[in-house]
Amino acid sequence: MSGRRPTDRRDDSTETLAASITTTYAASGMVASAGASGVPGIGLTTVEGIPSIPVASVLTNLVEGYLFGDLESMATEVQLKEVGACGYPMVMAVLSGCELLGAMTSDAAQDDRIETYWKTYMAEVDPLYGYLGKIASQLARNGIAHTYLAHLGVLVVRGNARRHLTLSENEEVVLDCLELYSQFRQSYEDHARQFILENIADVQRRVDELVRYDRVKAKSLIGALPFGRFRQTLPSGNELATPLHVRAPRGATGA
């Protein structure tokens with residue numbers, strides 16, 4: 001991460017750039033029409049044979065659309081209950097977002113992206129996050145990702161803001177999933193987004209590196225499949241739910 005840090009003040013040039021990106025995004029046709037599907041939905045393009053996703057599309061579609069949309073649904077549509085209250089999915093979604101934004105705002109190694117984001121942007125919301133980056137990455141994220149259970153040392157609760165970022169009697173870090181989501185969103189909207197808009201060229205380079213890495217890996221793994229044994233289908237209706245495949249409006253017929 002460079003020594004430059006975001007501030008709470010957005011000058012006129014930043015506001016102009018943000019408006020320009022939004023206008024360009026809307027005018028470029030990156031948002032798929034009803035029933036459309038496939039990579040144009042997220043704005044994936046090819047420049048001189050090299051795949052790329054414009055930063056504006058990553059912010060608008062992926063972060064502010066899919067990521068915050070899923071988190072908001074889990075925060076407002078799921079009721080507090082003993083089992084099935086989406087505590088782990090909310091924490092995992094937040095940490096995935098932190099890893100993505102850590103990759104966009106720094107040149108940190110993959111294993112250090114969450115920690116870098118927490119020290120740089122989450123700590124702007126609450127300084128305690130600056131101490132917890134490794135715990136978030138190694139205990140919370142890795143535990144949930146590999147065994148759907150946070151490693152010992154992390155306790156996830158829902159709807160108890162008073163306990164968020166405290167230590168339990170068993171010396172576990174307590175994360176309230178609702179507070180974590182709220183403060184993650186604040187870190188993006190008040191701090192990380194401004195840095196991204198002020199450093200578009202560097203951020204675009206990092207996004208392109210992520211896309212190229214994923215493209216090579218996908219081609220290698222998918223290319224090894226016995227294609228003759230798989231049926232080929234076309235998407236339809238509202239079944240699509242990933243950023244590369246835009247969900248059609250309810251009642252629309254898939255293309």
**Prompt:** Each residue of the range 48-60 in order: what ³J(HN,Hα) in whole Hz does its phi give by Karplus 6.51 cos²θ - 1.76 cosθ + 1.60, θ = phi - 60°, with x for Gly and Pro?
**Reply:** 6, x, 10, x, 7, 10, x, 4, 4, 6, 4, 5, 6
**Asked** Which lysines does Lys119 reach when only Cα atoms under 20 Å apart count, and residues fewer than 8 places away in its own chain are ignored?
**Response** Lys134
**Prompt:** Taking the range 60-159, which trypsin sites (Lys or Arg not before Pro) meet the DSSP loop condition and have no more than 12 other C-beta atoms within 10 Å?
**Reply:** Lys81
**His164 long-range amide H proximity, modeled H, under 5 Å** = Asp176
**Request:** Within 10 Å of each residue's Cβ, count the other Cβ atoms and sort Ile200, Ile222 from fewest upward.
**Result:** Ile222, Ile200
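Filter the GluC sites (Glu not before Pro) in the range 41-138 down to the DSSP loop ones having no more than 16 other Cβ atoms within 10 Å, then list what survives.
Glu48, Glu82
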**Karplus-derived HN-Hα couplings along the range 112-125 (A = 6.51, B = -1.76, C = 1.60, θ = phi - 60°), whole Hz, x at Gly and Pro** = 10, 5, 5, 4, 4, 5, 5, 5, 8, 10, 5, 5, 5, 7
**Request:** Assuming a ≥ b ≥ c are the square roots of the Cα gyration tensor eigenvalues, decide whether the range 108-197 counts as rounded (a/c under 1.5), prolate (otherwise, with a/b larger than b/c) or oblate.
**Result:** oblate
**Prompt:** Which ³J(HN,Hα) values, rounded to whole Hz and listed in residue order, are derived for the range 212-218 from phi using the Karplus coefficients 6.51, -1.76 and 1.60 in 6.51 cos²θ - 1.76 cosθ + 1.60 with θ = phi - 60°, glycine and proline given as x?
**Reply:** 5, 4, 5, 5, 5, 5, 5
**Asked** For the range 38-219, what is the charge dipole size about the Cα centre, in debye to the nearest 20, if Lys and Arg each add +1 at the Cβ and Asp and Glu each add -1 at the Cβ?
**Response** 380
**Message:** Out of all Cα-Cα pairs in the range 38-219, roughly what percent, to the nearest whole number, are more than 20 Å apart?
**Reply:** 54
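Within the range 192-233, which chymotrypsin sites (Phe, Trp or Tyr not before Pro) sit in a loop by DSSP and count at most 12 neighbouring Cβ atoms inside 10 Å?
Phe230
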**Prompt:** Check Leu155: other-chain or 5+ apart residues with amide H under 5 Å from its amide H, H built from backbone geometry?
**Reply:** Val173, Val174, Leu175
**Around Leu221: net Lys/Arg minus Asp/Glu count, Cβ-Cβ under 14 Å** = +2
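Only the coordinates and a few stated rules stand behind these numbers; no lab work does. Owing to the predicted nature of the structure, the values given are computational and were not obtained by experimental measurement. Don't worry about glycine lacking a Cβ; one is built from the backbone with ideal geometry, like all the others, and counts go over all protein chains shown.
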